[in-house]
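Read-outs throughout are calculated quantities, based only on the coordinates presented, and are distinct from any laboratory measurement. Note that the structure is a prediction, hence the values are computed from the model and not measured. All Cβ positions, even for glycine, are placed from backbone atoms using ideal geometry, and neighbour counts span all protein chains on display.
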Amino acid sequence: MSGGQPIPRRALRADLLDFTGDPGLGAPSLGAVRHRPDHWLLIEHGRIAAVRPGAQAPGPDWLCEDHRGRLILPGFIDTHVHSPQLDVIGSYGTELLDWLETYTFPAERRYADAGVAEQGAAVFLDALLARGTTAAVVFPTVHKVSADRLFAAAEQRGMRVIAGKVLMDRNAPDGLRDDVAGAERDCLDLIARWHGKARLAYAVTVRFAPTSTPAQLAMAGALCSADPTLYMQTHVAENRAEVQWVRELFPDARSYLDVYARAGLLHPRSVLAHGIWLDDEDRAALRDAGAQIAHSPSSNLFLGSGLFRWRDAEAGGAAVSLASDVGGGTSLSMQRTMADAYRVQALRGVRLSAFKALHTATLGAAQALKLDHEIGSLEPGRMADLTVWDWASGPVARARDALARDLHERLFAWMMLGDERYLVTTLVAGRTQYMRRGNDSGAPPPGRPKTAAPPRGADAARRHGG
Ligand code: GUN
Ligand code: ZN
C-alpha cells in the first residue's frame, strides 16, 4: 500500500476467460469454461469488484483501459520453481543427480551472500511477472538469508508467494548443509517473521529425502504438526536412480512417498514435485492426505526423468498442479509449461486440452493450495491478480489465430505457440507490476489506438462471440 493514497478504481475491457470447475482430462468441453468476450472487469481496493458487458462502460470515476481484442486471464500459479536456479537454466548433458552435483549445488552456494540473495530474488520475481505468473511456490536455498530476501522481494511486489529455507543436512557439499537444531531455529525465525505477513506463507522445505537425515525429516514433520497452516514442499519420485537411492537410504519405507508420510510430511498443504515413479498406493495416499503433485513437464523432458501419468493421478484422486521447475525446467513461462505438458501426455496417449491445462495453471492450482478464495479466477471478491495477453504475436501465429474455428482451437494455438511476447501487462492486487514496452504483437494497423489489440475480421469476432 502506498502511504495513504487512495487506490484508483480501475476497469479493463477485453475477452475474459476463467473456469468455474475442472474441465477434466477428456475431450475439450465448454462445461467448466467461463468465456466472456468483450467485457469490463472492474477493480477496487486491489480486488475484482464486478464484471459487466462491454457496452456497459463504467462511469467517469473509473480509470478505464481498453484492451478490446485481447485476452484477460487470472494470473498463473507456478507450484514448483527454484529462484536461484535461473543461474543454471539450460545446462547441458546430465540427469538429475549429476545435474545437482555439477551445476545446481555450486550455483546455490552463492546465495549464502545477502547481496546475491537480494539481487537474485528481484530478478527472479520480475521474470515471473514478465511471464504472467503472479503466485508461486518457491525453493530458495539452504541459507536463511535466501528465504528472507525472497520473502522481502515478494512483499514489495505484493505477490502471493509460498517459500521456505531449504532443509538439507547430508549428502550435499560444504556450504550447503545445515544441521537439525540450527535449521529448526532458522525455520522458526522465518515463520515468525513471514508466515501470514502480507500475501506470504511459509513452506517447510525438505529438498528431497536423500539430503535430509531421518532426524531432520522428523523435525520438519513436527513443525508441520505444530502449525497446520504451514505448507510443505519437496521432491518425490522424479528419477529412477534417485528412487533407487531412496530405497537404499530408507529400507523400511514402503515407497519413496512413504518416507515423507512416516515423517508426518503428507498433509493438505503438501506440494510434491514430479511424482513420476509412483504407484497406485502412493496415489491413494496423496488423495487421502489432500496433497498435490506439482507436475513439471519441461524439467522432466529436459532431465530425461520420465513421463508423468496424469490420467492415473486423476483416476486415483490425487490433485495435480503445473510447475516450471526452473532450472531443471527450461522456461519460467507457464505457456511453455502447458505446451510441454501437452507433449508429455501425447507420449502417454492422452490429449491434454487447453482448457484442462489452463484450469490447472489457475483455478486448479489455487484449489490444490487451498487459496481459491483469493486467487485463480476472475470472480468478484478475488484479488485482482490478472494478466492481459495478445491472442497471437507475429505473422504466423496471427494467421493461425484468425483461422481458428472455435474457442478451444484458438486457445490451444495460443498455448502451444505463445510465450512472454504475448503478454501485455500483469496486475498484482490491482497494481501494474509488469507492462510490455512498445508493441511486440506483430502488425499494428495504421490508426489503431495505443492500447487496443489488432482487430480480427468481423467474421472471426462472430465466430468467437459466444
Ligand atoms: N531433487 C532435489 N533437488 C532438486 C532440484 O533442485 N531440482 C529438481 N528437478 N529435482 C531435485
Ligand atoms: Zn525442483
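Each label point was placed 7 Å from the Cα along the Cα-to-Cβ direction; for residue 123 and residue 92 their separation is 2.1 nm. Compactness of the stretch 69-141 was expressed as the Cα radius of gyration divided by 2.2 N^0.38 Å, which yields 1.28.
Rounded to the nearest 0.05, what FRET efficiency do residue 215 and residue 437 give with R0 = 51 Å and r taken as the Cβ-Cβ distance? Could you check?
For residue 215 and residue 437, the calculated efficiency is 0.50.
Between residue 248 and residue 68, the C-beta separation translates, for a Förster distance of 56 Å, into a calculated FRET efficiency of about 0.40. The slack between residue 351 and residue 177, meaning 0.36 nm per residue of separation minus the straight C-alpha distance, is 58.4 nm. Only one residue of 338, 64, 363 has its Cα farthest out toward the positive end of the dipole of the chain, where Lys and Arg carry +1 and Asp and Glu -1 on Cβ, and that residue is 64.
Using a Förster distance of 41 angstrom, determine the FRET efficiency expected from the C-beta separation of residue 189 and residue 61, and round it to 0.05. Efficiency, rounded to the nearest 0.05: 0.35. Extension gain, residue 343 to residue 113: 0.36 nm times the residue separation minus the Cα-Cα distance gives 78.9 nm.
For residue 379, the shell of other residues with beta-carbons less than 13 Å away shows a net charge of 0, using +1 for Lys and Arg and -1 for Asp and Glu. Taking the chain as the reference, fit the longest principal axis to its C-alpha atoms, fit the long axis of helix 114-129 to the helix C-alpha atoms, and give the angle between the two in degrees, 0 to 90, nearest 10. The helix 114-129 is inclined about 40 degrees to the chain.
Computed over the stretch 224-285, the quotient of the alpha carbon radius of gyration and 2.2 N^0.38 Å is 1.11. Ranking 350, 164, 285 by how far each Cα lies toward the positive end of the dipole of the chain (charges on Cβ) leaves 350 at the top.
Taken as Cα centroids, the stretch 74-148 and the stretch 277-332 sit 20 Å apart, rounded to the nearest whole angstrom. Both radii come from the Cα set of the stretch 176-319: Rg as radius of gyration, Rh as Kirkwood radius; their ratio Rg/Rh reads 0.96. Taking other residues whose beta carbon is less than 13 angstrom from the beta carbon of residue 233, and scoring Lys, Arg as +1 and Asp, Glu as -1, yields +1. Considering the chain at the alpha-carbon level, its Rg and Dmax are found to be 21.8, 71 Å. The charge dipole of the chain, taken about the Cα centre with unit charges on the Cβ atoms of Lys, Arg (+1) and Asp, Glu (-1), comes to about 1720 debye, rounded to the nearest 20. Helix 240-249 versus the longest principal axis of the chain: what angle, 0 to 90°, nearest 10, using Cα atoms? Taking the Cα atoms of the chain, the angle to 240-249 is about 40 degrees. Between 139, 124, 378, the Cα set farthest toward the positive side of the dipole of the chain (charges on each charged residue's Cβ, about the Cα centre) is that of 378. To test your reading of the geometry: what angle, between 0 and 90 degrees and rounded to tens, separates the Cα axis of helix 280-289 from the longest principal axis of the chain? Around 70 degrees separate the two axes.
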